1. Which entry in [x] -0.28, -0.76, -0.94; [y] -0.36, -0.81, -0.94; [z] -0.25, -0.71, -0.90 matches log10 I(q)/I(0) by the Debye sum over Cα atoms at q = 0.11, 0.18, 0.20 Å⁻¹ derived from the coordinates of this structure?
2. Using a simple spin-label model with points 7 Å from Cα along the Cα→Cβ vector, what separation in nm is obtained for GLN19 and ASN39?
3. In what order do ILE58, ILE4 fall by count of nearby beta-carbon atoms within 10 Å, going from fewest to most?
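A short reminder: the numbers here are calculations on the coordinates, not readings from a lab. For clarity, every value in this text was computed on a predicted model and none was experimentally measured. Because the Cβ atoms are built from the backbone with ideal geometry, glycine has one as well, and the counts that use them run over all protein chains shown.
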Amino acid sequence: MSGIAGSARPGLGHGLKLQWEPAQDAHVLLFPEGMVKLNGSAGAIMSRCDGLRTVAEIVADLERAYGATGLAPDVEAFLALALQKRWLELRE
């Protein structure tokens, strides 16, 4: 477990922008020093991190969208990594 509360509201870190890049056929995370091309899963998670939805709501939305269950551990692991890299910050 990542230790991220289900009630936490992840949002993009300060100065970062997430956008769909047709040339890359992927979501990219833009920051002053460059950009990171996100894989499909990371893009799906990050696109839902608007600072309004809770972690629990993000997981539920992903499970509905992909017809899957048990995604919480993977989503929380990615969120922990994104927080460590300062791509996201928590708004509680």
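1. [x]
2. Taking the simple label geometry, GLN19 and ASN39 are separated by 2.5 nm.
3. Listed from fewest to most nearby Cβ atoms, that is ILE4, ILE58.
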